[in-house]
Amino acid sequence: MKFIENIGKALTSIFSNIGKFILFILFFFKYLFGPKFYFKNNIRYFLNVFVSSIPIIALTGIFSGMVLALQSYTGFSRFSAESAIPNVVVLTLTRELGPVLTGLMISARVGSSIAAEIATMRVTEQIDALKTLNTNYYNYLVTPRVLSLTLALPIFVTLVDFIGVMGGYIVSVHRLGFNDNLYLLNTIDFLKIGDYLSGIFKAFVFGFIISIVSCYCGLFSDKGAFGVGSATTNAVVISSILILSSNYFLTELFF
Amino acid sequence: MKIEIKNLKKRFNDNFVLKDISLTIEKNKSTIILGQSGCGKSVLIKTIYQLFSFDDGLIFYDGKAKVDIDKFSMLFQYGALFDSLKISENIAFTDFINNKTNFNKKVISLMNDVGLDKSIFNKYPSEISGGMKKRVAFARALYKNPKVIFLDEPTTGLDPINSDKINELILKVITKRKITAVTITHDIKSAIKTGDHYYFIDKGIIQDKGDCKKILKTKNKAFKSFISGADFKQ
Ligand SMILES: Nc1ncnc2c1ncn2[C@@H]1O[C@H](COP(=O)(O)OP(=O)(O)OP(=O)(O)O)[C@@H](O)[C@H]1O
Ligand SMILES: [Mg+2]
């Protein structure tokens with residue numbers, strides 16, 4: 001009986017959390033530009049996220065591109081289709097790996113810190129203090145984070161695409177003996193703007209997912225240091241799973 | 001502002017913190033809340049401030065159920081300073097985030113009032129001591145010129161000299177600025193010095209109340225042992 005009771009409790013908690021989360025998203029849109037919009041605060045947060053994420057974005061791009069070139073060579077050389085490598089690298093990056101890897105890396109790098117910061121603010125009563133200072137926490141905390149990440153992710157993905165293609169180029173030309181001009185020409189010729197744009201659309205969605213989930217996990221965390229820890233873990237795990245699952249449906253959409 | 005609380009009940013899940021609280025906070029007077037650690041003092045003032053909802057009872061602010069909480073301000077028990085902002089930006093928070101820039105003078109004069117040195121003006125909360133944080137939080141609470149100020153243990157963690165300074169400031173603020181004050185404290189000396197009326201909470205209800213000048217003459221057993229430090233549970 002205890003067992004069934006526990007399942008019941010878990011289910012109720014999941015559904016009540018989903019309900020709370022949907023309400024949270026509605027409130028986000030309600031307070032997006034009002035009662036106050038702290039312009040400077042938004043800009044400052046954007047720049048902060050942007051600058052601090054550049055190193056991992058560069059590393060993600062370069063190594064993904066390099067390994068893609070090597071792996072596709074292994075596969076394609078078996079039926080003498082090495083010339084398809086530039087196409088495979090650029091397509092895989094722009095349509096799939098760019099957005100997904102960037103999403104996962106940013107959820108680990110930025111999502112976790114959003115959740116930890118906001119959960120700490122909740123635990124140390126800073127969220128209550130905001131209310132006593134006549135400041136809406138959606139305006140002051142949630143809007144800058146969600147807007148910044150939703151706008152930054154497409155830029156990050158563009159960078160990962162570009163740096164990734166460069167990584168593939170370096171490996172193909174210097175390690176696999178490709179003609180350098182031909183490699184670049186093949187890349188550009190083959191890429192359609194739609195491939196790139198579908199990745200950018202994914203990036204918008206992933207940026208929104210990471211930021212809104214992380215803000216939610218931080219704001220509704222349990223009290224104490226344990227609460228901060230679990231808020232951080234939840235933010236990364238939930239946004240990663242949502243990224244991977246929504247990626248399938250978004251791919252289906254552009255198929 | 002006069003605040004009347006009638007039969008207030010507040011619980012967290014099955015933890016009944018406030019069982020039946022009735023009290024009156026008189027306008028422009030200093031009300032002191034006393035009680036053992038964990039008895040619900042902080043919860044009570046946060047409920048009055050509408051930071052928490054409550055389960056049953058009534059709260060009237062100047063006779064009305066609705067109130068503009070921007071007339072209130074609060075010194076939180078643990079300061080609740082914003083870690084990512086400088087001391088000056090914390091004190092002048094609302095002006096700072098609304099891009100006003102002419103707050104330095106006001107901030108320095110408030111820092112002086114609460115006994116803080118100018119040298120911490122540009123420091124971050126993590127760089128100053130616990131007692132300093134408390135005084136920064138007090139300065140922040142005074143910055144917006146509230147009608148009612150809630151002080152959650154303003155002198156806990158301060159040395160006797162700075163404690164006295166804060167007590168003097170509380171008195172000065174109440175008389176000069178005509179502010180209604182609600183102060184939680186464990187320190188009987190501060191209560192006598194700064195308070196007009198006191199309420200003693202135990203087991204979720206008001207056990208004793210009266211005039212702060214007569215605290216030491218109380219006949220209430222539980223409150224007597226609270227004052228003398230003896231355990232009155234038996
Ligand atoms: N946000 C919360 N969620 C759940 N329970 C809470 C919450 N805040 C307080 N409590 C519970 O309410 C009770 C009273 O807490 P409160 O902080 O009001 O005590 P206090 O009288 O201020 O004690 P102290 O003198 O130590 O500050 C405690 O049992 C605490 O566990
Ligand atoms: Mg307390």
> What number of residues in region A:68-80 are without any contact (Cβ under 8 Å) to a residue 60 or more places away in the chain and not polar (S, T, N, Q)?
Replying inline: 4
>> Against the definition (more than 14 Å from chain B (Cβ to nearest Cβ), surrounded by fewer than 20 Cβ atoms within 10 Å (Cβ to Cβ) and outside any helix (DSSP H, G or I)), how does A:Leu176 come out, yes or no?
In response: yes
> Given the conditions (1) of a type in the set (Gly, Ala, Ser); (2) within 15 Å of the chain's Cα centre (by Cα); (3) farther than 20 Å from A:Glu252 by Cα, and given that A:Ser72 satisfies all but one, which numbered condition is not satisfied?
Replying inline: (2)
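Rundown of residues vs (1) open to solvent by 60 Å² or more (accessible area, probe 1.4 Å); (2) out of contact with any strand residue (DSSP E or B) (no Cβ under 7 Å at 6 or more places or on another chain); (3) within 14 Å of chain A (Cβ to nearest Cβ); (4) part of a strand (DSSP E or B), yes/no style:
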{"site": "B:Gly157", "(1), (2), (3), (4)": "yes, yes, no, no"}
{"site": "B:Ile161", "(1), (2), (3), (4)": "yes, yes, no, no"}
{"site": "B:Leu169", "(1), (2), (3), (4)": "no, yes, no, no"}
{"site": "B:Ala181", "(1), (2), (3), (4)": "no, no, no, yes"}
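For (1) out of contact with any strand residue (DSSP E or B) (no Cβ under 9 Å at 6 or more places or on another chain); (2) open to solvent by less than 10 Å² (accessible area, probe 1.4 Å); (3) more than 14 Å from chain B (Cβ to nearest Cβ); (4) touching a residue at least 12 places away in the same chain (Cβ under 8 Å), each residue gets a yes or a no:
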| residue | (1), (2), (3), (4) |
| --- | --- |
| A:Gly111 | yes, yes, yes, yes |
| A:Asn136 | yes, no, no, yes |
| A:Leu141 | yes, yes, no, yes |
| A:Leu159 | yes, no, yes, yes |
| A:Gly164 | yes, yes, yes, yes |
> For B:Lys9, are the conditions met, namely being more than 21 Å from B:Val173 (Cα to Cα) and either surrounded by fewer than 21 Cβ atoms within 10 Å (Cβ to Cβ) or near ligand 1 (Cβ under 7 Å from one of its atoms) (or both)?
Replying inline: yes
> Taking region B:183-195 as the search range and keeping residues that are open to solvent by less than 10 Å² (accessible area, probe 1.4 Å) and part of a helix (DSSP H, G or I), which one is farthest from ligand 2 (Cβ to nearest atom)?
Replying inline: B:Thr194
> Going through region B:28-44 one residue at a time, which ones are more than 10 Å from ligand 2 (Cβ to nearest atom), outside any strand (DSSP E or B) and on the phi < 0 side of the Ramachandran plot?
Replying inline: B:Lys29, B:Gln36
> So which residues in region B:18-41 are within 15 Å of ligand 1 (Cβ to nearest atom), open to solvent by less than 30 Å² (accessible area, probe 1.4 Å) and not aliphatic (A, V, I, L, M), if there are any at all?
Replying inline: B:Gly35, B:Cys39, B:Gly40, B:Lys41
>> Looking only at region B:207-234, how many residues end up being in a strand (DSSP E or B) and crowded, with 17+ Cβ neighbours inside 10 Å?
In response: 3
> How many residues are assigned to a helix (DSSP H, G or I) and within 11 Å of chain B (Cβ to nearest Cβ) if we restrict to region A:116-134?
Replying inline: 12
>> Quick check on this structure: which one of A:Leu32, A:Leu68 is part of a loop (DSSP other than H, G, I, E, B) and open to solvent by less than 50 Å² (accessible area, probe 1.4 Å)?
In response: A:Leu32
> Taking B:Lys165, is it open to solvent by 70 Å² or more (accessible area, probe 1.4 Å) and modelled with pLDDT under 90?
Replying inline: yes
>> Can you confirm whether B:Tyr49 is among the hydroxyl-bearing types (Ser, Thr, Tyr), within 16 Å of ligand 1 (Cβ to nearest atom), farther than 26 Å from B:Lys214 by Cβ and open to solvent by less than 40 Å² (accessible area, probe 1.4 Å)?
In response: yes
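Quick grid of which residues meet (1) closer than 16 Å to B:Ile3 by Cα; (2) in contact (Cβ under 8 Å) with a residue 24 or more places away in the chain; (3) within 14 Å of chain A (Cβ to nearest Cβ); (4) open to solvent by 40 Å² or more (accessible area, probe 1.4 Å):
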residue: B:Phe16; (1), (2), (3), (4): no, yes, no, yes
residue: B:Gly57; (1), (2), (3), (4): yes, yes, no, no
residue: B:Lys64; (1), (2), (3), (4): yes, no, no, yes
residue: B:Lys71; (1), (2), (3), (4): yes, yes, yes, yes
residue: B:Asp83; (1), (2), (3), (4): no, yes, yes, yes
residue: B:Glu89; (1), (2), (3), (4): no, no, yes, no
>> The conditions are (1) at pLDDT 90 or above; (2) more than 22 Å from A:Pro144 (Cβ to Cβ), and B:Gly131 fails exactly one of them. Which is it?
In response: (1)
> So which residues in region B:97-128 are within 14 Å of another protein chain (Cβ to nearest Cβ), in a helix (DSSP H, G or I) and over 24 Å from the mean Cα position of the chain (by Cα)?
Replying inline: B:Ile97
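The values are calculated or read from the model by the stated rules, or taken from the named source; none is laboratory data. The structure displayed is predicted, hence computed values, not measured ones. Please note: Cβ atoms are built from the backbone with ideal geometry, for glycine as well, and neighbour counts cover all protein chains shown. Accessible surface areas use protein heavy atoms only, side chains included; no ligands, DNA or RNA. Shrake-Rupley method; radii C 1.70, N 1.55, O 1.52, S 1.80 Å.
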